[in-house]
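Reading through the structure tokens given below for one structure.
The values are calculated or read from the model by the stated rules, or taken from the named source; none is laboratory data. Bear in mind the structure is a predicted one, so any value in this text is a computation, not a measurement. Every residue, glycine as well, gets a Cβ built from its backbone with ideal geometry; the counts of neighbours run over all protein chains shown.
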Amino acid sequence: MRVANKIATIEEDTPEQMYEELKKVLQEAAYEALGQEEQYQRKTTPEWWNTDIEELVAEKKAAYNKWLMTREVGHREKYIHIRRKVKKRGKRSVVK
């Protein structure tokens, strides 16, 4: 009933303004009836992430970009070698 009363009081303006007011009324009613869910903060980085891994990932990305630009077999092999090294280091860090 309160929502109906609030909707009835919406002034007839442009459709955009009427929409915004209607949206506001409905959101307020939803918050009133259901409450608001608590926001939980997530960790931005995993526990195993450290500067060593960050440097390796940057090196891997540089090697990948170089291989993309040249398409030479040697650059691809270097990229694959670094990629494997990053993967092993990451697994080792997770186990610790």
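Kindly provide the set of residues from segment 17-76 that are modelled with pLDDT under 95, over 22 Å from VAL94 (Cα atoms) and among the β-branched types (Val, Ile, Thr), ordered by number.
VAL25
Taking the residues in segment 27-53 that are part of a helix (DSSP H, G or I) and within 28 Å of the chain's Cα centre (by Cα) as candidates, determine which candidate is nearest to LYS87 (Cα to Cα).
ILE53
Under the condition of being part of a helix (DSSP H, G or I) and among the β-branched types (Val, Ile, Thr), which residue from segment 7-26 is surrounded by the fewest Cβ atoms within 10 Å (Cβ to Cβ)?
Applying the filter and picking the extreme gives ILE7.
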